[in-house]
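Just so it is clear, none of the values below were taken in a lab; they were calculated from the coordinates. As the structure is a prediction and not an experimental result, all values here were calculated from the model. Here the Cβ positions follow ideal geometry from the backbone for every residue, glycine too, while neighbour counts run over all protein chains shown.
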Amino acid sequence: MRVDVAAVVVTYNSEDHVAELLDSIPAAAGGLTYSVVVVDNGSTDGTLELLDRRTDCTVVRSTNRGYAAGMNTAVAASPEAESILILNPDASLDPDCMPRMLEVLRKPGVGIVAPRVREADGSLSPTLRRGPTLGRVGGLSFTGLPAFAERIEDPREYETEHEVEWAVGAILLVRDECYRELGGLDESYFLYSEETDMSLRAKDAGWATVYTPAAGAMHIGGGSGESSTTHTMKILNRIRLYRRRRGPLLAWLYWALTVLTELRRALLGHDKSRPTVRALIQPSRRPPQLGANSTLIPR
């Protein structure tokens, strides 16, 4: 049976949040037909027990092959659909969120739609991003200058519907045709940068990513926590993404600027940056899940 929206979720030790997400989906769907598939990436808390008690989703047990692989598995286990709703387990959707996003997705050339997201305290979550450049590698979003800031902080940018380069992947509605044309999410990233890569590849293929303030959602963020390992993955994957798009020569500069940025953070007391610096200059120290320990500039 074909549905309007195939909602897909990947959980990993998500028992504190996923129930709220699943509870929000019926009202968020409005009058649309939908399915819900949850892939669990080997949780060791009570996530699976919680999911097994529910009757409103299909649960797929998996080993932890990464977030992108989990999402692709969930899509493969879903019925045929017009659109795919990518959801983090620590998100929740406002009523009628899905039809409002789908209305935008149905516009010609739109492949991905991002809603207006708020934090748990109700404040705006700045989820819109500019593409990676050498100028933006230093994490200088506080300047507010587009040349140096990847994250878009200006509240005025969140008041109107418009095309963006990419958006944080906690809640994204993707046209099924676009998702399949791209071959799904790139599983080589394991964790982080997969949504950046998807939007940039979609744009290469002629599909726009569009933000709409008409649809609302909440995202707690960090529902599975961040460790020094996941921080290292995040930084390494940014370099990999840049290298794949701009080539090895510019990637050397991007890597060097990243080393300096993480070294500065480490000196300022950011404990997660210390092992990241070591992993940047010693490939053998990198998380093996990335398969990025054979060259100094991660591929």
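Under 1.5 on a/c is rounded, so check that first for the range 77-220, then, if it is not, pick prolate when a/b is larger than b/c and oblate when it is not; a ≥ b ≥ c are the square roots of the alpha carbon gyration tensor eigenvalues.
Since a/c reaches 1.5 but b/c is at least a/b, the shape of the range 77-220 is classed as oblate.
Give me the lysines in straight-line cross-link reach of Lys203: C-alpha distance below 27 Å, same-chain residues under 8 apart excluded.
Lys107, Lys234
Residue-wise, which Karplus ³J(HN,Hα) couplings in Hz belong to the range 9-22, taking 6.51 cos²θ - 1.76 cosθ + 1.60, θ = phi - 60°, and x for glycine or proline?
9, 10, 10, 7, 6, 10, 5, 6, 10, 5, 4, 5, 4, 4
Report the far tail of the P(r) of the range 228-290, meaning the percent of Cα-Cα pairs longer than 19 Å.
26 percent
Pulled fully out, how much extra length does the chain show between Glu177 and Asp23, if you take 0.36 nm times their separation in residues and subtract their Cα-Cα distance?
Contour length minus the Cα-Cα distance gives 52.6 nm.
Tell me, what ³J(HN,Hα) does each residue in the range 276-283 have, in order and in whole Hz, if you take phi through Karplus 6.51 cos²θ - 1.76 cosθ + 1.60 with θ = phi - 60° and put x for Gly and Pro?
For the range 276-283, the Karplus curve yields 5, 4, 4, 5, 5, 9, 10, x Hz.
About its Cα centre, what dipole magnitude does the range 228-290 give when the only charges are +1 on Lys and Arg Cβ and -1 on Asp and Glu Cβ, stated in debye to the nearest 20?
Dipole size: approximately 200 debye.
Taking amide H atoms as placed 1.01 Å from N in the peptide plane, list the residues 5 or more away in sequence, or in a different chain, whose amide H sits under 5 Å from that of His162.
For His162, the qualifying residues are Tyr211.
Tell me the GluC sites (Glu not before Pro) within the range 172-251 that lie in a loop according to DSSP and have at most 14 other beta-carbon atoms within 10 Å.
Glu226
Among Ala19, Leu263, Thr55, whose Cα sits farthest toward the positive end of the charge dipole of the chain (+1 at Cβ of Lys/Arg, -1 at Cβ of Asp/Glu, about the Cα centre)?
Leu263
Applying the Karplus parametrisation 6.51 cos²θ - 1.76 cosθ + 1.60 with θ = phi - 60° to the phi angles of the range 286-294, what ³J(HN,Hα) value in whole Hz is obtained for each residue in order, glycine and proline being reported as x?
My calculation for the range 286-294 gives 7, x, x, 4, 7, x, 10, 10, 9 Hz in order.
Could you give the length gained by full extension between Arg245 and Asn293, i.e. 0.36 nm per residue of separation minus their alpha carbon distance, to one decimal place?
Stretched out fully, the Arg245 to Asn293 stretch lengthens by 15.3 nm.
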